[in-house]
Amino acid sequence: MPDLFTPFDLGDLTLPNRIVMAPMTRNRAPDTVPTDLMAEYYRQRATAGLIISEGAAISPQAIGYPGVPGIYSEAQVAGWKRVTDAVHEAGGRIFIQLWHVGRISHPDLQPDGAPPLAPSAIRPAGEVVTFEGPKPFVTPRALDLAEIPQIVDQYRQAAVNAKQAGFDGVEIHAANGYLLDQFLRDGTNQRTDAYGGSVENRFRLLGEVVEAVKHVWPEHRIGVRLSPENRFNDIADANPQATFEEIVTRLSAITSGYLHVLEGDMTGQSEPAVDYACLRAAYHGPYMVNNGYDFARATDAIASGYADLVSFGRPFIANPDLVERFRRGAPLNEPDEATFYGGGAEGYTDYPFLE
Ligand code: PHB
């Protein structure tokens with residue numbers, strides 16, 4: 001029976017274990033350019049079977065928080081190259097997460113102070129963090145039909161840039177209430193054109209993005225992340241089970257890259273209602289699960305064949321040597337939430353390794 005330490009082949013890329021570092025925003029890229037401190041952070045975690053980077057903005061409009069990195073400029077590509085070199089020198093593998101926040105932004109963070117972009121002009125409840133502190137979300141501008149090919153092309157170009165920056169692959173972020181998820185779920189998509197209404201139409205943008213990225217990377221080097229019932233960023237769907245069964249089925253028809261599913265709700269607003277075994281059954285490729293797994297649950301998920309890979313977030317923040325700690329059954333360091341977002345080395349590269 002496989003366990004967390006059994007190697008796994010993503011096509012021609014062999015992962016030495018099933019313990020994946022989940023993508024996590026850490027807001028330590030002033031001016032959107034990855035730094036040497038970020039290279040050190042990822043290098044420390046290179047024993048993960050696979051590292052998925054924090055979300056990287058695919059365009060200036062894709063940014064929703066201060067201090068997040070991009071993957072659209074030459075300086076950003078050069079910064080990421082230092083990150084991927086560091087991970088590779090340490091024997092690791094790293095995919096970049098391609099991110100567009102859509103409406104989860106603010107004019108203060110947008111070029112020319114423009115409103116953020118979204119499928120429909122629906123304002124999220126809550127507040128966004130700007131350079132001047134929290135401010136209420138604004139009503140986004142609904143993308144014109146004629147603008148959608150530009151968005152798809154930004155994903156394609158970001159995938160090209162990722163290759164130039166030395167990544168091993170890309171993960172398309174279609175979860176957690178950001179742009180692609182805003183198209184998928186009906187609470188945020190009220191379009192009446194080919195990109196709204198039926199699930200087929202709501203899936204269209206993600207499908208086009210996957211197809212565009214397939215022109216750049218082989219399928220097994222492309223992951224997709226979904227979060228069928230996460231309420232984070234004020235998003236919901238009237239029927240997540242049916243919606244996401246169809247989305248996963250459609251995805252399965254166009255790619256054999258890994259599917260990364262964030263199960264349940266990060267906000268604690270709702271109990272899990274989706275039957276994830278059904279989603280798993282609808283996908284023919286590698287399947288990665290996430291959200292609150294510990295060693296025991298992760299081991300069960302792999303041994304039972306339910307999942308091929310498990311990604312860990314908070315444990316990897318506090319334990320650069322998480323794989324070794326799991327192997328030895330060693331205690332884990334506790335993460336310090338106060339240093340999750342922004343700042344420097346403290347709470348970032350100073351968590352202790354085992355002796
Ligand atoms: C966060 O900043 O908390 C965050 C960012 C991206 C995600 C999820 C959470 O996909």
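Laboratory data are not the source of any read-out in this text; all were calculated from the coordinates shown. Source: prediction; values computed, not measured. Methodologically, a virtual Cβ is constructed for each residue, glycine included, from the backbone with ideal geometry; neighbour enumeration extends over all protein chains shown.
For the range 320-351 and the range 166-213, what is the separation of their C-alpha centers, rounded to whole Å? Computed from Cα coordinates, the inter-centre distance equals 33 Å. Please list, by residue number, everything in the range 179-210 whose backbone N is under 15 Å from a paramagnetic label point 7 Å out along Cα→Cβ of Ala236. From the range 179-210, the list is 185-189.
With each label modelled as a point 7 angstrom along the Cα→C-beta vector, the Thr139-Tyr306 pair spans 4.4 nm.
Taking every alpha-carbon pair in the range 246-304 and binning the separations at 10 Å intervals from zero gives 20, 49, 29, 2 percent.
Of the peptides 247-257, 224-234, the order by per-residue mean of other Cβ atoms within 10 Å, starting with the highest, comes out as 224-234, 247-257. Under a 5 Å amide H cut-off, with hydrogens placed 1.01 Å from N, Arg191 pairs with Gly197 among residues at least 5 apart or on other chains. Taking amide hydrogens as placed 1.01 Å from N in the peptide plane, the amide H of Arg93 sits under 5 Å from those of Ile51, each at least 5 positions away in sequence or on another chain. Model label points for Arg297 and Cys278, set 7 angstrom from Cα along the Cα-to-Cβ axis, are 2.1 nm apart. Contact order for the chain, expressed relative to its length and based on alpha carbon pairs under 8 Å spaced 6+ residues apart, stands at 17 percent. Amide H contacts for Gly169 (H built 1.01 Å from N in the peptide plane; partners 5 or more residues away or on another chain; cut-off under 5 Å): Ile96. Using the rule -39500 (n - 2.57) for each DSSP H run of four or more residues, divided by the residues of the chain, the 222 nm mean residue ellipticity is -9000 deg cm²/dmol.
Across the range 330-345, rounded Karplus estimates of 3J(HN,Hα) from the backbone phi angles (6.51 cos²θ - 1.76 cosθ + 1.60, θ = phi - 60°) give 7, x, 9, 5, 8, x, 9, 4, 5, 10, 5, 10, x, x, x, 5 Hz, Gly and Pro being marked x.
Rg and Dmax over the alpha-carbon atoms of the chain stand at 18.9, 59 Å.
Compute, for the range 73-143, the length of the dipole vector about the Cα centre, with Cβ point charges of +1 (Lys, Arg) and -1 (Asp, Glu) only. Units Debye, rounded to 20.
Dipole of the range 73-143, to the nearest 20 debye: 240 debye.
Subtracting the Cα-Cα distance of Ala90 and Glu74 from 0.36 nm times their residue separation leaves 3.3 nm of extension gain. Under the simplified labelling scheme, the Ala125-Gln190 pair shows an inter-label distance of 1.6 nm, with each label point 7 Å from Cα along Cα→Cβ. Compared with the alpha-carbon gap, the fully stretched path from Glu337 to Asp350 is longer by 3.3 nm at 0.36 nm per residue.
Selection among Ile94, Asn161, Gly64 by position relative to the dipole of the chain gives Asn161 as farthest towards the positive end (Cβ unit charges, Cα centre). FRET efficiency for the pair Gln164 and Glu271, taken as 1/(1 + (r/R0)^6) with r the Cβ-Cβ distance and R0 = 41 Å, rounds to 0.40.
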